[in-house]
Amino acid sequence: MMQEPWKKAREEYQNQPIPSQLEARVKQAIGEGRQSSPRQHWLKKGLISLAAAAACFTLMMHGSPVFAQTVANLPVIGEFLRIVTGVQIEKEDVNEVIHITLPKVENSGNPEFEKQINQRIEEELENLSREARTQAEDLKNNAEGKTGTYHPVDFYAAYQIYYNQGALVSFSIDTTTTMASAYEQRYFFNLDLESGKELTLAEVIGSENLAAADQQVRSQIEQRLAQDPTSFFDFDEEGGYIGLIENQKFYINENRQVVIVFDEYEIAPGATGTPEFILDLPLLK
């Protein structure tokens, strides 16, 4: 029964003329693999064929409405297509290096909600990139007339998909701004496509379970402090963990577990990065 849609998709694919852009896309993917450093070469070499296949698949999706509709109706694949690359921004000059890959929500069955989320994603990233550009200009002005090497601001943004099944979608936009040092920020989107709303932690695990969630985070911090006393700020010192906040950052992983996330330097030294804590609590959604 499940093979029939795949058969139709394959026939549609085989009957399509080769897109004119495909050769260029494949060459680009191969070229990117060749430009990698020796340390990364072994990994990128293994990804070249995948990148070429992805380029072909993407072109077929845009070039053939029939093929696209057939694939969108397939189990799992149709859900995966809810989150795609929406916009890519690449800019490099003496002041700044900006690489942005924006996600876009589509094919969710709720066009108005999609528009709302996609607009917020674009606005958030525009604000962040504008901030990076301002910082780049300030650094350049401060460096004028001074000795030493000037390095442009490097702003990087990409997205990760954590959960995409049924009515639940969970993904993040991760940014890194590098000047004298690197600073990471992560923005999470936990969406209920059925109700058309962004979910809070209380809505996902139940407000009656927030105290239990708080205790689990505290317990995990204590365990990590016992292993490495420098991994987190102490509870009684400035910056130490004081509890979950109303708009607490979190995502839902592939095992339907809630993962609590904190910003860099929020409750731990920068070397710890962005700490995560998996909760042992069932999802209500």
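Computed from the coordinates by the stated procedures, all read-outs in this text should not be read as laboratory data. It should be emphasised that the depicted structure is a prediction, and the values quoted were computed from it without experimental measurement. Here Cβ is always computed from backbone atoms with ideal geometry, including for glycine, and neighbour counts include all displayed protein chains.
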Going fewest to most other Cβ atoms within 10 Å around each Cβ, R82, R256 line up as R256, R82
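Rounded, prolate or oblate: pick one for region 200-278, where a ≥ b ≥ c are the square roots of the eigenvalues of its C-alpha gyration tensor, a/c under 1.5 means rounded, and failing that, prolate if a/b is larger than b/c, else oblate. If you can, show how the numbers build up before the last one.
Numbers: a/c = 1.83, a/b = 1.64, b/c = 1.11.
Because a/c hits 1.5 or more and a/b exceeds b/c, region 200-278 counts as prolate.
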Can you bin region 144-246 into rounded, prolate or oblate? Criterion: square roots of the alpha carbon gyration tensor eigenvalues sorted a ≥ b ≥ c, rounded for a/c under 1.5, prolate for a/b above b/c, oblate for the rest. oblate
With the 8 Å Cα cutoff and a minimum separation of six or more residues, region 192-261 has a relative contact order in percent of 22
Label region 88-199 by shape, choosing from rounded, prolate and oblate, from the square roots a ≥ b ≥ c of the eigenvalues of the Cα gyration tensor; if a/c is under 1.5 it is rounded, and otherwise prolate applies when a/b is larger than b/c, oblate when it is not. prolate
Just rank L283, L128, fewest to most, by other beta-carbon atoms within 10 angstrom. L283, L128
Which of E246, E222 comes first, and how do the rest follow, when ranked by fewest Cβ neighbours within 10 Å? E246, E222
Once amide hydrogens are built 1.01 Å from N within the peptide plane, the residues lying 5 or more places from Y163 or on another chain with amide H under 5 Å from its amide H are S170
